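The values are calculated or read from the model by the stated rules, or taken from the named source; none is laboratory data. Note that the structure is predicted; figures quoted are calculated from it, not measured. Every residue, glycine as well, gets a Cβ built from its backbone with ideal geometry; the counts of neighbours run over all protein chains shown.
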């Protein structure tokens with residue numbers, strides 16, 4: 001398997017404060033990487049560097065290099081709109097558009113230039129099926145998405161993300177506001193989606209990281225302390241600091 | 001819908017069943033090697049024991065991985081815990097079959113003391129118990145597992161009978177001591193195999209019903 005995403009000495013500053021420092025790591029295609037660490041450790045900042053979401057925050061700057069498929073995404077000529085299409089994002093709080101379930105997915109397709117009605121219908125159905133939502137909503141596609149439960153809304157947001165066929169999906173605590181059953185559905189979904197996508201997930205829940213990911217990266221105060229296969233991190237981590245964190249000694 | 005956890009448990013189960021097949025074969029072949037004084041077959045049993053050893057390590061690792069990454073609960077947790085223990089019992093059964101095979105090699109070429117009847121009978125019971133205990137797993141049938149435990153007494157009885165008989169031989173004729181001691185070792189190995197199958201049956205009851213019947217009157 002090849003590296004999909006690669007960070008080399010990536011440092012990100014808010015003003016003069018470095019939120020992440022000299023982070024180097026790579027993510028292989030079709031795997032799930034979990035980012036764990038206490039609040040403020042830089043895991044979300046790192047996630048947002050990948051699709052340049054941090055660009056919109058004033059007074060910030062990036063040093064080092066970040067590549068997707070070998071292309072440097074911080075190169076001045078890099079197409080940021082194209083990047084955000086290739087790299088989808090799912091947030092902690094589900095944020096469906098105040099539109100129908102169907103339109104929530106169709107909207108992104110139209111923006112991407114798909115006009116054919118049948119093609120749109122087919123992609124909507126496929127996306128809802130791959131997020132295991134189709135059976136629950138197929139009879140009310142024209143109803144408002146805001147009438148869905150929190151877990152269904154989050155799966156709709158994932159369906160919306162994959163409808164435009166990204167290559168990478170970033171997830172920032174996608175299940176932290178959900179009940180255990182909805183959380184389990186999202187976690188099962190993540191495992192299914194990795195067949196077609198490369199996924200990076202930020203989670204506060206270490207058990208969740210252990211359940212869904214192939215590799216886990218532990219961040220602390222802006223430093224990448226350790227990245228290893230998830231099973232190794234949770235059975236015999238290389239660094240004592242990682243062991244202390246996952247056994248609840250701090251954080 | 002089958003979850004990822006259930007798929008992984010199914011995989012562990014199939015590996016354990018593979019191990020059970022190897023253990024059954026090891027018992028059957030080691031006894032046949034002894035009966036037929038077949039040195040080649042005995043050596044094959046010794047060689048193939050590494051297959052069981054490798055599976056033991058592999059299944060242990062797989063169970064640890066599932067515990068860490070899937071965090072099973074309730075029946076799923078009992079399943080993994082049972083598999084971890086059964087794994088060890090099956091590996092030990094393989095070692096005991098190797099002990100029998102080693103005796104077959106030692107006794108090769110020596111005059112036979114008597115036709116072997118009770119030892120093959122004990123091996124047959126062990127094999128039948130093993131088959132039934134794994135059926136109890138598949139069918140989640142705790143009563144069948146309990147029946148397996150009860151049959152261990154038949155093996156113990158045969159073991160004592162073999163001891164008595166062989167002691168008589170040794171008392172009457174000192175020339176028979178080395179062969180008789182070899183056969184006593186075989187009998188002891190089969191008796192221990194019965195104990196390991198009993199352990200497996202107790203783990204089956206634990207998996208199915210969630211009750212621990214070890215060291216109880218059951």
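Structure data summary
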| item | result |
| --- | --- |
| Residue in region A:236-251 that is in a loop (DSSP other than H, G, I, E, B), over 25 Å from residue A:42 (Cβ atoms), touching a residue at least 40 places away in the same chain (Cβ under 8 Å) and more than 14 Å from chain B (Cβ to nearest Cβ) present | no |
| Condition met for residue A:175 (over 30 Å from residue A:113 (Cα atoms), surrounded by 20 or more Cβ atoms within 10 Å (Cβ to Cβ) and modelled with pLDDT under 95) | yes |
| Residue B:29 vs. criteria within 14 Å of chain A (Cβ to nearest Cβ), part of a helix (DSSP H, G or I) and buried (at least 16 other Cβ atoms within 10 Å of the Cβ) | no |
| Conditions (1) away from chain B (no Cβ under 14 Å); (2) crowded, with 23+ Cβ neighbours inside 10 Å; (3) in contact with a strand residue (DSSP E or B) (Cβ under 7 Å, 6 or more places away or on another chain); number of the one not met by residue A:233 | (1) |
| Residue within region B:74-88 that is surrounded by fewer than 18 Cβ atoms within 10 Å (Cβ to Cβ), part of a loop (DSSP other than H, G, I, E, B) and either within 14 Å of chain A (Cβ to nearest Cβ) or more than 17 Å from the chain's Cα centre (by Cα) (or both) present | no |
| Residue match in region B:2-9 (condition: outside any helix (DSSP H, G or I), at pLDDT below 95 and within 30 Å of residue A:192 (Cβ to Cβ)) | yes |
| The listed residue being within 14 Å of chain A (Cβ to nearest Cβ) and on the phi < 0 side of the Ramachandran plot, out of B:70, B:131 | B:70 |
| Per-region count, region A:187-230, residues under 22 Å from residue A:154 (Cα atoms) and either in a strand (DSSP E or B) or within 13 Å of another protein chain (Cβ to nearest Cβ) (or both) | 23 |
| Residue that is farthest from residue A:90 (Cα to Cα), among those in region A:34-49 that are in contact with a helix residue (DSSP H, G or I) (Cβ under 9 Å, 6 or more places away or on another chain) and not in a loop (DSSP other than H, G, I, E, B) | A:36 |
| Set B:10, B:43, B:62: member being within 14 Å of chain A (Cβ to nearest Cβ) and either closer than 30 Å to residue A:131 by Cβ or in contact (Cβ under 8 Å) with a residue 40 or more places away in the chain (or both) | B:62 |
